[in-house]
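The block underneath contains the structure these notes are about, expressed in structure tokens.
The values are calculated or read from the model by the stated rules, or taken from the named source; none is laboratory data. None of the values given here were measured: they were computed from a predicted structure. Here the Cβ positions follow ideal geometry from the backbone for every residue, glycine too, while neighbour counts run over all protein chains shown. SASA here: full protein model, heavy atoms, side chains in, ligands and nucleic acids out. Shrake-Rupley method; radii C 1.70, N 1.55, O 1.52, S 1.80 Å.
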There are 2 protein chains.
Amino acid sequence: MTLKHNDSDCQIGYTITMPRSGEPARRRLQQAAVELFCERGYDQTTTAEIAARAGVTERTFFRHFPDKREVLFDGQAILREMLTVAIAEAPVTLQPLEVLYRAFRSVEQLLEDNRPFSVPRQQVIDRAPALQERELAKVAALAEALALALRQRGVGERLAALAAQTGMATFRYAVASWFADPAGGLGTHLDRAFDELDGLAASSSTRKARRRR
Amino acid sequence: MTLKHNDSDCQIGYTITMPRSGEPARRRLQQAAVELFCERGYDQTTTAEIAARAGVTERTFFRHFPDKREVLFDGQAILREMLTVAIAEAPVTLQPLEVLYRAFRSVEQLLEDNRPFSVPRQQVIDRAPALQERELAKVAALAEALALALRQRGVGERLAALAAQTGMATFRYAVASWFADPAGGLGTHLDRAFDELDGLAASSSTRKARRRR
DNA sequence: TTTCGTTATGTCAGTCTATGACTCTAAAAC
DNA sequence: GTTTTAGAGTCATAGACTGACATAACGAAA
């Protein structure tokens, strides 16, 4: 209890009237979690240890995050917001996948800026199956948001879902290869991934006739 | 140490001892789990209750299933096997998505037979976020298996991953609409889903030129 | 300043999932 | 028969969460 946050009013003084924001503790918890997960791995780290390093109690951890995994998944909101806005604002003449391609390009800078944090985070996730499950859930939710945004542009119900899934898979693919090799920036990897998707689409042109007996 | 396989040319007669099958208990646990999940929901059911209804101890539950969720996910192995075989045996001239389409058609009967069990199971999953996460993980693993099977046909590394993801999304989409409306069988829904995917692909033809500045 | 309402946090007791270590038992193999 | 072996029971415990209540910090109003 004798915890006087000496680090209050650090950079951004959110001036809105709000008694005790709780944000500093939240950030300390996230920081402590990433550190400990990197040092010992996800399974070998207890929530009590995370809380201790952050200078709070275990109960406080669960007030800020609904479960142990969630402490690593917090940036999705901004990403979703930017993508849906980009989709909504895209020229009406564009086809679904083109809309998505442009939306992904529009968050390029955001991801580039976050790279120093994202890469170690991804390493942690890649080593813990429980975290991979959560990530897949987040990706699915994001794809659902993209589909919704597409529908609001007039894209058909079912086509929107398919396009969102396909676009999302392509995006994830590009991000993964950009994580492994930052050369050329995310844009280069996005272009290559969507080019390959084009190839996949083109190769299916002969399929329809063949399928119909 | 004293592992005496009857070492002579054994391929099929591989059965090294098998005291007490353990299969009945396993099935009772699965049955009890589905029932209880339907009655009270996943979160409101404890592993102890499942075990009690199956007539075994809670400890035995965790000997058969690594965690509480896994009791609902057990049929994936057969499905994966059938799909990978179908992919491996498809004519070499076919394009990736056509290969996947045919593979999915080849498991149609299996899914139709399992429908009485699959539909209530899916209802349970749809109501429990924790189960949805696990399902997404299973789907991702299956997609990875499909990609591997495609690569062994000579499909490029990256293209295989993209095709598997896209095909899997389309398949899931078809299954979901077949769950909702069994009319015409799964085949009809598969055809429609892949037709829509074709539409998505066709609409991207103008994209490449536009993207290049 | 004091008081008051709001909010973050602490404290504590408890439930549930999951696992390790051990024993017991029945069926299979000899 | 005897031995082997794996399924199942028992006990103890760690760790992830949760509800209930008390307390401390802070902003705002008196």
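Structural remarks
- Number of positions in segment A:159-178 that are open to solvent by 40 Å² or more (accessible area, probe 1.4 Å) and touching a helix residue (DSSP H, G or I) at 6+ places or on another chain (Cβ under 6 Å): 3
- Selected residue (criterion: least open to solvent (accessible area, probe 1.4 Å)) from residues of segment B:102-132 that are facing chain A (nearest Cβ under 10 Å) and within 21 Å of residue B:39 (Cα to Cα): B:130
- Selected residue (criterion: nearest to the chain's Cα centre (by Cα)) from residues of segment B:76-97 that are within 14 Å of chain A (Cβ to nearest Cβ) and at pLDDT 95 or above: B:90
- As a summary of the residue check, residue B:99 satisfies the conditions (1) touching a residue at least 60 places away in the same chain (Cβ under 8 Å); (2) assigned to a helix (DSSP H, G or I); (3) open to solvent by less than 40 Å² (accessible area, probe 1.4 Å) except for the one numbered (1).
- Some residue of segment B:85-105 being under 20 Å from residue B:135 (Cβ atoms), more than 16 Å from DNA strand C (Cβ to nearest atom) and not small (Gly, Ala, Ser): yes
- Output for segment A:62-84, where each listed residue is over 18 Å from residue B:130 (Cβ atoms) and within 12 Å of DNA strand D (Cβ to nearest atom): A:63, A:64
- Only one entry in A:156, A:184, A:199 is modelled with pLDDT under 95, more than 9 Å from chain B (Cβ to nearest Cβ) and touching a helix residue (DSSP H, G or I) at 6+ places or on another chain (Cβ under 9 Å), namely A:184.
- As a summary of the residue check, residue A:147 satisfies the conditions (1) touching a residue at least 24 places away in the same chain (Cβ under 8 Å); (2) farther than 20 Å from residue B:161 by Cβ; (3) more than 10 Å from chain B (Cβ to nearest Cβ) except for the one numbered (1).
- Of the residues B:54, B:48, the single one that is near DNA strand C (Cβ under 9 Å from one of its atoms) and either modelled with pLDDT of 95 or more or open to solvent by less than 90 Å² (accessible area, probe 1.4 Å) (or both) is B:48.
- Odd one out for residue B:43, checked against (1) within 12 Å of DNA strand D (Cβ to nearest atom); (2) within 14 Å of another protein chain (Cβ to nearest Cβ); (3) buried (at least 19 other Cβ atoms within 10 Å of the Cβ): (3)
- Test: residue in segment B:127-146 that is of a type in the set (A, V, I, L, M, F, W, C), in the same structural domain as residue B:78 (by TED's automatic domain parsing), over 26 Å from residue B:88 (Cβ atoms) and assigned to a loop (DSSP other than H, G, I, E, B): yes
- Taking the criterion of being more than 7 Å from DNA strand C (Cβ to nearest atom), part of a helix (DSSP H, G or I) and surrounded by fewer than 16 Cβ atoms within 10 Å (Cβ to Cβ), the residues of segment A:59-76 that qualify are A:62, A:70, A:76.
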